[in-house]
Amino acid sequence: MKFFFKSGKAKIKRRLVVIGIDGTPHSFLQKHVDAGDFPHLQRILQGGELHRMNSVQPCISSVAWSTYMTGKNPAGHRIFGFVDRKPNPFQIFLPNSSHMGAKTLWEMISEDGRRVAVINVPVTYPPRPVNGILIGGFLSTDVLKCAYPQEIGAELKNWDYRIDADANLGRTDKEAFFEDLNVTLERRLDAARRLFEREPWDFFQLHVMETDRINHFLWEHYENQDSAYYLRFLDFYRKVDELLGEFYDRALNQAEFIILSDHGFCSVKKEVYLNQWLEDRGYLQLEGDEPHSVGDMGAETKAYSLIPGRIFLNLAGREQKGSVEPGIQAETLKAEIAEALLSLTDPDDGSRIIERVFKREDLYRGPYLEEAADLIAIPYDGYDLKANVRKPGITFKGDLVGMHTYNDAALFIKDRRIISQDFGILDLAPTILKIMELEPDAVLDGRPLV
Amino acid sequence: MTQKKTERGFTVWFTGLSGAGKTTVSQLVAKKLIERGKKVEVLDGDMVRQNLSKGLGFSKEDRDINIRRIGFVCHLLSRNGIVAVGAAISPYKAIRDENRKLIGDFIEVYARCPMEILVERDAKGLYKKALAGEIKNFTGVDDPYEPPENPEVVFDSDKEPPEESARKVIAKIEELGYLEPEKTPSGYTKEEEEKVNERLKALGYL
């Protein structure tokens, strides 16, 4: 047990392996463990329970993993979506780690003088320095530039590492998509194995993105057992099961072990274009013959949306072309939009589309609250909120067949009893710090689960 | 401590016949470099001949002195962290190469344009006079021009707008490492952001 004790010296702090399986629902894993489809996870679960966990709102990977890695809610870490805006001058941008306004788990662990190896977690590009290595996630653009320290990039290139599977294939060529997913996962695993063996890590995290990718394009096929892709889909997850087993075994006797996902998945009933809805109702005014995005909005605009379900008032004094006066006018408008959203229905079957509409202050708190959307609309499962402009209608059935769900993320912590009944991904950072016997140096929003 | 290349001064040297677009493109390049946070000084041949080289004529000897003087000033500026933009006909290869050697951080840009187009354009009316014999020693008419053999950038001003030529020059300066690639509000270069955009679009996030 040389990893845990040194004779005559203080106890060596615990090490930890975390495997992230993006967008893999708790219900899906449990169902197939029960059916005997995932033998590795089945044996892993002899050492604990697979818990259902809440995600974060909005439940998309960038926000969820930022919440995971910082232990802060979005107004504490500043990542509110895959797309964001600067209000004045109005600019759309893609938030990445350089915009993240909080310390990450691996930075906290690094500051304790312990070493980390972090592979492919979303919103870690551009790679911020750590004590150890970090390979950026799918917002990376070039293998040579995706890692810290930068030299690792050249090694990754030699290993034919791939940043992400080609999601375009998910739309155009399912066969090629499967092939690409498998190769991308294999290459990632290859890099992970090498680094696991070679690096003197105290904290090791491997993030599997391919699960989210397959779900986006094939979840509907999975839900239909007659689909030609049903078995292929399960076969892919058997590979994931194998890798869980492999890293569980690797961690045995030397490290603690956690598996988690960041959100669940369900089939898309309809895509819902909120900017089209806002335009139809006269809240959004677009300029030009072919407006591309809300960047082309005019001064008559009262509100606009960014994906998913984030609605910003065009507030005077804040937005470049602000038209809504803060105070009573703004509050009245928020109430009016929220009420109208709640009564929005699917034209085909009359189902309600929006389950709740939060004001940002009801959902978030922290130093970046002012940068959050004014309203956050939460859809019923199956209604995927989009923000493209000038769509032929408000609801649409497109070629993305899977969407995220809030309350079906998964969590397994080996040999630990989770005391709480109702918990979320926000609680993971304090939990991990506790497992690693580390005191967080800032007050985190979550609470330890063990 | 070694200085980062992006913090170093350098010289962008425009050469080419009269009217080939040196002044126009060099001004655009200078403007872009200033926008990107560089300190820039332009030494334009016509301007230099009114002060620094006042009194010099157009004999080979005087031309060489003129180009060496501009080169020397570019050298002084460049080594002090300034971007010097030289724009002069500089017809003789040997003297341009002397300047390259002296300055080191030297980017040669060849403004190329066929003679018939230059004569047709003749914005300053000089070709007409030279062809009529009213001006002597006019480069390209009765004085030689030696085109660069390996310039860092060539642009054809009869085929492309000056904005495109300036873009090429800036791209080369970036490629050579003297200028950080331009970043989008997301912190990516334009090409990188297009890549990420495409990925996010494919996933339905844009």
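In deg cm²/dmol, rounded to 500, what helix-only [θ] at 222 nm does the protein assembly as shown give when every DSSP H run of at least 4 residues adds -39500 (n - 2.57) and the total is split over its residues? Let's see the in-between values first.
On the way: 22 runs with 234 residues, N = 656.
It lands at -10500 deg cm²/dmol.
Residues of A:385-392, mean number of Cβ from any other protein chain within 10 Å of their own Cβ, rounded to a whole number?
On the way: counts 0, 3, 2, 3, 0, 0, 0, 0.
Rounded to a whole number, the mean comes out at 1.
At a 10 Å Cβ-Cβ cut-off, how would you order A:65, A:277, fewest neighbours first? Write out the running numbers ahead of the final one.
Values: A:65 26, A:277 22.
Final ranking by Cβ density, sparse to dense: A:277, A:65.
With the crude spin-label approximation of a point 7 Å out along Cα→Cβ, what separation in nm comes out for residue A:437 versus residue A:31?
4.2 nm
Please report the relative contact order for the stretch B:5-175, taking Cα pairs under 8 Å with a sequence separation of at least 6, and give it as a percent rounded to a whole number.
Values: 280 pairs, mean separation 57.8, N = 171.
34 percent.
So how tilted is helix A:328-342 from the main axis of chain A? Cα-based, degrees 0 to 90, rounded to 10.
The answer is roughly 70 degrees.
Projected area of the stretch B:5-175, taken from the Cα convex hull and averaged over every viewing direction, in nm²?
Numbers: hull surface 37.1 nm².
The orientation-averaged projected area of the Cα hull of the stretch B:5-175 comes to 9.3 nm².
Projected onto the charge dipole of the protein assembly as shown (+1 at Lys/Arg Cβ, -1 at Asp/Glu Cβ, origin at the Cα centre), which of B:162, A:401, B:10 gives the Cα projection farthest towards the positive end?
The residue sitting farthest along the positive end of the dipole is B:10.
For a quick check: sort B:154, B:48, B:29 by the number of other beta carbons within 10 angstrom, fewest at the front. Walk me through the numbers on the way to the answer.
Working: B:154 16, B:48 20, B:29 28.
Starting with the residue having the fewest Cβ neighbours, the order is B:154, B:48, B:29.
Please compute the net charge surrounding residue A:210, taking Lys and Arg as +1 and Asp and Glu as -1 over other residues with Cβ under 15 Å from its Cβ. Intermediate results must be reported in sequence, preceding the final value.
Values: positive: A:162, A:174, A:187, A:188, A:213, A:232, A:238, A:239, B:199; negative: A:22, A:164, A:166, A:179, A:180, A:186, A:190, A:212, A:235, A:241, A:242, A:262.
Computed value for this residue: -3.
Antiparallel versus total DSSP beta bridges in chain A: what percent is that, nearest 5?
Details: 31 of 56 bridges.
Of the beta bridges lying entirely in chain A, close to 55 percent run antiparallel.
Would you mind getting me the FRET efficiency between residue A:91 and residue B:121? Use the beta-carbon distance for r and R0 = 56 Å, nearest 0.05.
So the FRET efficiency works out to roughly 0.90.
Enter the mean number of other protein chain beta carbons within 10 Å of the beta carbon of each residue in B:181-189, as an integer. All intermediate terms of the calculation are to be shown ahead of the outcome.
On the way: counts 0, 0, 1, 4, 9, 11, 9, 8, 2.
Mean shielding count: 5.
Given a Förster distance of 35 Å, report the FRET efficiency between residue A:42 and residue B:191 from their Cβ-Cβ distance, rounded to the nearest 0.05. All intermediate terms of the calculation are to be shown ahead of the outcome.
On the way: r = 46 Å, r/R0 = 1.31.
Taking R0 as 35 Å, the efficiency between residue A:42 and residue B:191 is 0.15.
What is the packing order of peptides A:402-410, B:55-63, taking the mean over residues of other C-beta atoms within 10 Å and listing the highest first?
Working: A:402-410: 23.3, B:55-63: 13.8.
Listed from highest to lowest mean packing, they are A:402-410, B:55-63.
Tell me the trypsin sites (Lys or Arg not before Pro) within the stretch A:340-405 that lie in a loop according to DSSP and have at most 16 other beta-carbon atoms within 10 Å. Before the final figure, lay out the partial values.
Details: sites: A:352, A:356, A:359, A:360, A:365, A:386, A:390, A:397; in loops: A:365, A:390, A:397.
For trypsin sites (Lys or Arg not before Pro) across the stretch A:340-405 that sit outside H, G, I, E and B with at most 16 neighbouring Cβ atoms in 10 Å, the list reads A:365, A:390, A:397.
Would you mind calculating the relative contact order of the stretch A:81-212 from Cα pairs under 8 angstrom and at least 6 residues apart, reporting the percent as a whole number? Write out the running numbers ahead of the final one.
Working: 215 pairs, mean separation 28.7, N = 132.
Relative contact order, the stretch A:81-212: 22 percent.
Which whole-angstrom value gives the distance between the alpha carbon centres of the stretch B:10-52 and the stretch A:12-66?
Computed from Cα coordinates, the inter-centre distance equals 61 Å.
Give, as ranges by residue number, the residues of the stretch B:86-125 whose backbone N falls under 16 Å from the point 7 Å along Cα→Cβ of residue B:135.
Inside the label zone: B:88-91, B:115-125.
Using alpha carbon coordinates only, what is the Rg to Rh ratio of the stretch A:316-360, with Rh defined as the Kirkwood radius? Walk me through the intermediate numbers first.
Values: Rg = 13.8 Å, Rh = 12.2 Å.
Rg/Rh: 1.13.
Describe numerically, in nm with one decimal, the distance between label points set 7 Å from Cα along Cα→Cβ at residue A:111 and at residue B:39.
Label-label distance for residue A:111 and residue B:39, simple model: 3.8 nm.
Peptide A:140-150: average number of partner chain Cβ atoms within 10 Å per residue?
Details: counts 4, 9, 4, 0, 0, 1, 0, 0, 0, 0, 0.
For this peptide, the per-residue mean of nearby foreign Cβ atoms is 2.
Find out how many positive minus negative residues lie around residue A:59, taking Lys and Arg as positive, Asp and Glu as negative, among other residues whose Cβ is under 14 Å from that of residue A:59. Show your work: numbers first, answer last.
Working: positive: A:52, A:310, A:356; negative: A:22, A:212, A:262, A:355, A:381, A:384, A:408.
The answer is -4.
What fraction of the DSSP beta bridges in chain B is antiparallel, stated in percent and rounded to the nearest 5?
Taking every DSSP beta bridge within chain B, about 5 percent pair in antiparallel fashion.
Report the dimensions of the stretch A:330-450 along its three principal axes from the alpha-carbon atoms, largest first, rounded to Å.
Principal extents (largest minus smallest coordinate, Cα): 55, 35, 24 Å.
Tell me, what is the percent relative contact order of chain A, built from C-alpha pairs under 8 Å that lie six or more residues apart?
Values: 956 pairs, mean separation 116.1, N = 450.
Value for chain A: 26 percent.
With a 10 Å Cβ neighbour count serving as the proxy for reagent exposure, in which order, fewest first, do B:6, B:184, B:15 appear?
Details: B:6 14, B:184 17, B:15 27.
Placing the least packed residue first, the sequence is B:6, B:184, B:15.
Grab the beta carbon distance between residue A:230 and residue B:156, set R0 = 51 Å, and tell me the FRET efficiency rounded to 0.05.
Values: r = 59 Å, r/R0 = 1.16.
My answer for the efficiency is 0.30.
Considering only DSSP states other than H, G, I, E and B, which trypsin sites (Lys or Arg not before Pro) in the stretch B:103-206 qualify as loop sites with at most 14 other Cβ atoms within 10 Å? Write out the running numbers ahead of the final one.
Working: sites: B:112, B:121, B:124, B:128, B:129, B:136, B:159, B:167, B:168, B:172, B:183, B:190, B:195, B:199, B:201; in loops: B:124, B:136, B:159.
Taking the stretch B:103-206 and a limit of 14 other Cβ atoms within 10 Å, the loop trypsin sites (Lys or Arg not before Pro) found are B:124, B:136, B:159.
Report P(r) for chain A: all Cα-Cα distances, bin width 20 Å, range 0 to the bin holding the largest distance, values in whole percent.
Values per bin, smallest distances first: 25, 56, 18, 1.
Can you compute the modelled spin-label distance between residue A:335 and residue B:27, with each label point 7 Å from Cα toward Cβ, in nm?
6.0 nm
Here, each number is a calculation from the coordinates, and none is a lab measurement. Here the structure is a predicted model, which means the values were calculated and not measured. Cβ coordinates were reconstructed from backbone atoms using ideal geometry, including for glycine residues, and neighbour counts include every protein chain displayed.
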